[in-house]
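The values are calculated or read from the model by the stated rules, or taken from the named source; none is laboratory data. Quick caveat, the model's predicted, so the values are computed rather than measured. As a convention, Cβ positions derive from the backbone with ideal geometry for all residues, glycine included, and neighbour counts pool all protein chains shown. Quick note on the areas: whole protein, heavy atoms, side chains included, nothing else; ligands and nucleic acids left out. Shrake-Rupley method; radii C 1.70, N 1.55, O 1.52, S 1.80 Å.
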Amino acid sequence: MSVLSDDNSPYTHYEAIERRCRGIIRHLVLSVTAGAVAGTIGTLIHVSGIRQVELAYDPYAYFALAVLVGRTAAGLGWAALSATLAALAPLIPALAGIGLAGHARDALGGDPDSLNILLLVLVGFGLAGYAARGAGLGADVAAGAIAGVLLADVGGRALPGLPGAVPGFLPWPALAVTLLLLGLVLALRRRLRSRLCALAVAAVIAGGCLLALGVAG
């Protein structure tokens, strides 16, 4: 049999490595591109002054993007790198929009300290997205944790009387984000049992966080 046609040949092995490397590079480029596009859309929404759309978009679209690029990464380390690129890329249009309705100052989290924390959290969500791609209880918990933390944030913004309540977030932005998060759980976990487990974890985490916020408030 020819060396070039042997499935166990060095040529076939190197060809597989090359395909994998090309796939990783494409994924990284797409992560940056998607982040820049998401940031551009966020900047345009902010400048246009459509308050309710902005409340539903920022920052939840960026969290969803971080989960997506993490889930589709080739490995845990690549998930961290892809999520980092996707988290930093929206700053490009934000910096380009300096002077446009103050977007460069309050994009993605407000003051610099909050922005730094948010970038780290986005990377964490990318890693959680990678963890949620596998089979078993661990992946179900990861998917549920993603939704639970974000649902807690939605509740904290929507419920009057809580410290982080945002005027205008209830009802439509809160409803839109909640539906998006439920759809995200369904997309991350394909089996009915896994979905129910993830939703249960999300409910426990969201309920616990909201209870803690209520007690602290």
Working carefully through the options GLY156, GLY148, find the one that is closer than 23 Å to GLY124 by Cβ, part of a helix (DSSP H, G or I) and in contact with a Pro (Cβ under 8 Å, 6 or more places away or on another chain). GLY156
Which pairs have Cβ atoms under 8 Å, sit 6 or more apart or on different chains, and link a residue in the stretch 44-64 that is within 13 Å of ALA174 (Cα to Cα) and in contact (Cβ under 8 Å) with a residue 60 or more places away in the chain to one that is among the aromatic types (Phe, Trp, Tyr) and surrounded by fewer than 19 Cβ atoms within 10 Å (Cβ to Cβ)? GLN52/TRP172; ALA56/TRP172
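Mind telling me which of the residues LEU150, LEU181, LEU186 ends up being of a type in the set (A, V, I, L, M, F, W, C), open to solvent by 40 Å² or more (accessible area, probe 1.4 Å) and closer than 23 Å to ARG71 by Cβ? Walk me through how you get there before you give the answer.
Numbers: LEU150 fails: open to solvent by 40 Å² or more (accessible area, probe 1.4 Å); LEU181 fails: open to solvent by 40 Å² or more (accessible area, probe 1.4 Å).
The conditions single out LEU186.
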Please list, ordered by first then second residue, the pairs with beta carbon atoms under 7 Å, 6 or more apart or interchain, first in the stretch 111-140 and more than 26 Å from ALA200 (Cα to Cα) and open to solvent by 50 Å² or more (accessible area, probe 1.4 Å), second among the charged types (D, E, K, R) and part of a helix (DSSP H, G or I). none
Looking only at the stretch 1-44, count how many residues are modelled with pLDDT of 85 or more and open to solvent by 80 Å² or more (accessible area, probe 1.4 Å). 9
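Please tell me if ARG195 is within 17 Å of the chain's Cα centre (by Cα) and either surrounded by 14 or more Cβ atoms within 10 Å (Cβ to Cβ) or touching a residue at least 12 places away in the same chain (Cβ under 8 Å) (or both). Let's see the steps before the verdict.
On the way: within 17 Å of the chain's Cα centre (by Cα): no; either surrounded by 14 or more Cβ atoms within 10 Å (Cβ to Cβ) or touching a residue at least 12 places away in the same chain (Cβ under 8 Å) (or both): yes.
No.
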